[in-house]
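The values are calculated or read from the model by the stated rules, or taken from the named source; none is laboratory data. It should be emphasised that the depicted structure is a prediction, and the values quoted were computed from it without experimental measurement. With ideal geometry, Cβ positions are generated from the backbone for all residues, glycine too; neighbour counts draw on all protein chains shown. Ligands, DNA and RNA are stripped out before the accessible areas are found, and what is left, the full protein with its side chains, is counted by its heavy atoms. Shrake-Rupley method; radii C 1.70, N 1.55, O 1.52, S 1.80 Å.
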Amino acid sequence: MNTHRRNTRSLHIPAQAEQVPLARRALLDILKGWGVPTGSETVHALRLIASELLTNVILHASAATAHIGVVLELCDGAWIRMGVHDRHPEHPRPSNSGADATHGRGLKIVYALLDELNGIVLTERTDDGGKTVWIELPCPVNEHTAAAERVGPKMPQERRASPSAVNTPDRDRTADRHERADTAAPRVPMGIAPH
């Protein structure tokens, strides 16, 4: 049984490009409420990673996905986990696009950020035939602000992303895992077994 302390929030947003900045703002509001310094490298990386993963779903999986699930967790006050769920069965892969390409470098950027910040990414199959892409990053938390954490994101009611539980089953939690090669004991997201 997992005894780690976690704060968890989830969003369920339409798979539409105009929802990406709204979701990103909601995630930042959650992080701020948890006491994560908004100017930290982790927050800047998470903003970019969230944008890339959400945009990938919209570009490549929206035919199978009307709504995108996003889960954000603060684990033991030291790690941030984010999961982006869609109903498309294929795992995202970095493309082999060249330096002159205008598209296709998003996942390469995600992996580079995770390498730089000692984070990981893995893809988990879900019961609905889709997958959740999980990332985990070390995260500094301001304990004074974290102690005051109580609220979710503040967004206008008519544009607010609605909370939802994202399907993250305990079964078949194997898939792609990207780890920093020079770490002796890479972190594995809480509750997800390596393959």
Sort 34, 79 from largest to smallest accessible area, using a 1.4 Å probe on the heavy atoms of the protein chains. 79, 34
So, R0 is 25 Å and r is the distance between the beta-carbons of residue 8 and residue 48; what FRET efficiency does that work out to, to 0.05? 0.70
From phi via Karplus (6.51, -1.76, 1.60), per-residue ³J(HN,Hα) for the range 77-86 in Hz, x at Gly/Pro: x, 9, 9, 9, 10, 10, x, 10, 10, 9
About its Cα centre, what dipole magnitude does the range 34-91 give when the only charges are +1 on Lys and Arg Cβ and -1 on Asp and Glu Cβ, stated in debye to the nearest 20? 120 debye
Ignoring ligands, DNA and RNA, what percent of the accessible area of the range 28-91 is carbon or sulfur (1.4 Å)? 53 percent
Cβ-based net charge around residue 96, under 11 Å, with every Lys or Arg adding one and every Asp or Glu removing one: +3
Per the Cα gyration tensor, the range 1-101 corresponds to an equivalent ellipsoid with semi-axes, largest first in Å, of 25, 16, 14
